[in-house]
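Enquirer: Take a look at this one; I'll ask things after.
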Amino acid sequence: MTAHGREAASADGERSAEEERAAEEERAAEEERAVDQALALVGHQPRAGHRPPEGPGATPSKPPPSSPVSPPAPVSPPSPSSSAAAAAAAADSASAGPESRPEPGLTPSSPARSAPTPGATPPSSPAPSSPALVVSPLAAPASAADSASSRPHGASSADRPASSPHAHRTGATAWHAARALAERLGRAAPLTAHRLPLDRALGHVLAEAVVALTDLPSFDTSAMDGWAVAGPGPWTVKEGEGLLAGRGSTEPLPDGQALRIATGARLPADATAVIRSEHAHCDEARRLLYAGREVVQGQDIRPRGQECRSGDELLPAGTVVTPPVLGLAAAAGYDALLAVPRPRVDVLVLGDELLTAGLPHDGLIRDALGPMLAPWLRALGAEVGEPRRLGDDAGALRRALVSSDADLILTTGGTAAGPVDHVHPVLAEIGADLLVDGVAVRPGHPMLLARLAEGGPCLVGLPGNPLAAVSGLLTLAEPLLRGIAGRPTQDRYRAPVRQEVHGHPHDTRLIPVLHREDSVVPLHYNGPAMLRGIAAADGLAVVPPGGVRSGTEVEILDLPWASASPWTEGCFT
């Protein structure tokens, strides 16, 4: 190639890179607009915000770090069904391609309803005005391979009716948009704050800043065991047992005298320095103290207010209460903290094929999600009871949903369109708003996010395959819990991958990785039904469509036990 040709190729490459960056920025902006519109449209069912406890002496709480999304310009209030449809359409529009068009006759105000499953408890017929499950009509139906990850074994196309009641289900929401929607939905419906004693505040999130109630330290103290001295030496040793922490005379120390002092003891007035025991020599006969090295005024003294002055902000609202936070609050004079309680989560395990003990046999498999999800959610700062195993029973699922008083409900399996996948029909029956119906991510495509009617809790439907469920947990449940609890947004960071990673043609991939020095190593055994890779991982790499070459930097999602934050008791307990 000639020099002119190389220059032309270089210029073309630079233009291509610039165009790619511009396109990426435009996609990100479009996703942000979609999330804003979706949250504004579902804002007709807000829950209580951070509120301080009532009663004398209560301190008003401050708003969480991220304030709820402001509604758009005044319009006539939408119905729950139309709001959910528009919200889903807005969230999906960021990722829907030009080929994604509504099916003829399908509009947001006329959602398709699922036929009851044979053998399931027949739902009562809702009144014509009852809210129905609404999904976005914008994209193509999920593929058979995507739907298969909803159940642990995966349902083949032969296992489904030829005309699935969910065949119109639309294209998936972009991965980043789904995560942003989940977190900001949580921040729009935070929990009520309570004043908690220090011994009960661990793992919660501060609803107001911790402000110093006094100077720290509140008086001049000795930083070392040794001698308090006044003026230049040698010093005459003052009679007495000396000064101990918590005890001590407030009498001034005359110039030229020395007095024994312990670490943490209050310094006598007029003392100018502390000499460490190992740096001093005492002549007992003459009762004189000599310094073994130069004495600098103020040495080894912790002056009053060295750490903070009364009124200084020590910790902002949104800080997770860790053991050092408890220590600092106690040192600053606090007996209790105004904090957001941990979100309460119900876990509903679906599937007749699941065993709770013993070896798999006769088409039955062990339940991997029940033992995994509860401690994982606790590591994310939630309070979780024992998972409830409902089998493939639509009636039991409906009763569990309408009776739950949790802040978040997690279901496992049943999110696709198979003959015993009851999540969508039951959500339709109880009038839930379906906000995300499928995410453009592998594994875990058939995950969903809904909010139950009448301002009820949110529901995250996880696929049944274990790694696909982990994907749903990190994509929707983790950011939603972070928002509800008022936790700060995680810092996003990138790291280079040590080898080439194949990607999906159109969707984001989440790949288990292990940090090694300044890069991450992709792990094998990363199929939707596999946990071997994630069990050895300390993070997940977010691989864009098309994959990446070795050395390319990708976004990393830390696993909760791989970092110091968020901190909960024993991480999993």
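Enquirer: Can you compute the FRET efficiency between His524 and Arg388 using 1/(1 + (r/R0)^6), with r the Cβ-Cβ distance and R0 = 41 Å? Round to the nearest 0.05. The partial results should precede the final answer.
Expert: Numbers: r = 34 Å, r/R0 = 0.82.
The value I calculate is 0.75.
Enquirer: Give the long-range amide H neighbours of Thr319: residues separated by 5 or more places, or on another chain, with amide H under 5 Å away, using H modelled in the peptide plane at 1.01 Å from N.
Expert: Here Leu206 satisfy the definition.
Enquirer: Ignoring ligands, DNA and RNA, what percent of the accessible area of the range 405-456 is carbon or sulfur (1.4 Å)?
Expert: Numbers: 420 of 810 Å².
Whole-percent figure for carbon plus sulfur exposure: 52.
Enquirer: Further question: So, by mean Cβ neighbours within 10 angstrom, what's the order for 352-362, 276-286, 181-191, 297-307 with the highest one leading?
Expert: On the way: 352-362: 10.9, 276-286: 12.5, 181-191: 24.6, 297-307: 15.5.
Listed from highest to lowest mean packing, they are 181-191, 297-307, 276-286, 352-362.
Enquirer: Given a Förster distance of 45 Å, report the FRET efficiency between Gln297 and Asp335 from their Cβ-Cβ distance, rounded to the nearest 0.05.
Expert: Details: r = 38 Å, r/R0 = 0.84.
Once the sixth-power term is evaluated, E becomes 0.75.
Enquirer: Could you pull out every residue, at least 5 positions away or on a different chain, whose amide H is within less than 5 Å of the one on Leu435? Hs are placed 1.01 Å off N in the peptide plane, and Pro or chain starts have none.
Expert: Close amide H contacts, sequence-distant or interchain: Leu449, Ala450, Arg451.
Enquirer: Also: Per residue, how many Å² of accessible area does the range 247-406 show with a 1.4 Å probe?
Expert: Working: 8130 Å² over 160 residues.
Result: 51 Å² per residue.
Enquirer: While we're here: Give the shape of the range 429-564 as rounded, prolate or oblate, defined through the alpha-carbon gyration tensor: a ≥ b ≥ c are the square roots of its eigenvalues, a/c under 1.5 means rounded, and otherwise the shape is prolate if a/b is larger than b/c and oblate if not. List each step's numbers first, then the result.
Expert: Details: a/c = 2.18, a/b = 1.67, b/c = 1.30.
Cα axes put the range 429-564 in the prolate bin.
Enquirer: Now for a different question. Can you bin the range 327-404 into rounded, prolate or oblate? Criterion: square roots of the alpha carbon gyration tensor eigenvalues sorted a ≥ b ≥ c, rounded for a/c under 1.5, prolate for a/b above b/c, oblate for the rest. Let's see the in-between values first.
Expert: Values: a/c = 6.18, a/b = 2.21, b/c = 2.80.
Oblate.
Enquirer: Obtain the nm distance between the two label points defined at Arg287 and Ala535 by a simple spin-label model: each point lies 7 Å from its Cα along the Cα-to-C-beta direction.
Expert: 7.5 nm
Enquirer: Let me ask you something else. Tell me, what ³J(HN,Hα) does each residue in the range 183-191 have, in order and in whole Hz, if you take phi through Karplus 6.51 cos²θ - 1.76 cosθ + 1.60 with θ = phi - 60° and put x for Gly and Pro?
Expert: 5, 6, 5, x, 6, 7, 9, x, 7
Enquirer: Express in nm, to one decimal, how much length is gained between Glu241 and Asp362 on full extension, taking 0.36 nm for each residue of separation and deducting their alpha carbon distance. Walk me through the numbers before you get to the answer.
Expert: Numbers: separation 121, 0.36 × 121 = 43.56 nm, distance 8.12 nm.
That pair, Glu241 and Asp362, stretches by 35.4 nm at full extension.
Enquirer: Taking amide H positions as placed 1.01 Å from N in the peptide plane, with prolines and chain starts having none, which residues 5 or more places from Cys308, or on another chain, fall under 5 Å of its amide H?
Expert: Amide H neighbours of Cys308: Leu216.
Enquirer: Tell me, what % of the accessible area of the range 201-315 is carbon and sulfur with a 1.4 angstrom probe? Please report the intermediate quantities before stating the final value.
Expert: Details: 2850 of 6130 Å².
Carbon with sulfur: 46 percent of the solvent-accessible area.
Enquirer: Applying a 10 Å radius around every beta-carbon, put 322-328, 556-562, 171-177 in order of their mean neighbour count, most first.
Expert: Details: 322-328: 14.6, 556-562: 16.3, 171-177: 27.1.
Output ranking for 322-328, 556-562, 171-177: 171-177, 556-562, 322-328.
Enquirer: Peptides 237-247, 263-273: what's the order by average Cβ count within 10 Å, highest mean first? Can you show the working numbers first?
Expert: On the way: 237-247: 13.9, 263-273: 18.9.
Per-residue Cβ counts within 10 Å, averaged per peptide and sorted highest first, yield 263-273, 237-247.
Enquirer: Could you run the Karplus curve 6.51 cos²θ - 1.76 cosθ + 1.60 with θ = phi - 60° over the range 230-240 and give me ³J(HN,Hα) per residue in whole Hz, x for Gly and Pro?
Expert: 10, x, x, x, x, 10, 7, 6, 6, 5, x
The values are calculated or read from the model by the stated rules, or taken from the named source; none is laboratory data. Predicted model only: the values in this text are computed from it and were never measured. Every residue, glycine as well, gets a Cβ built from its backbone with ideal geometry; the counts of neighbours run over all protein chains shown. Quick note on the areas: whole protein, heavy atoms, side chains included, nothing else; ligands and nucleic acids left out. Shrake-Rupley method; radii C 1.70, N 1.55, O 1.52, S 1.80 Å.
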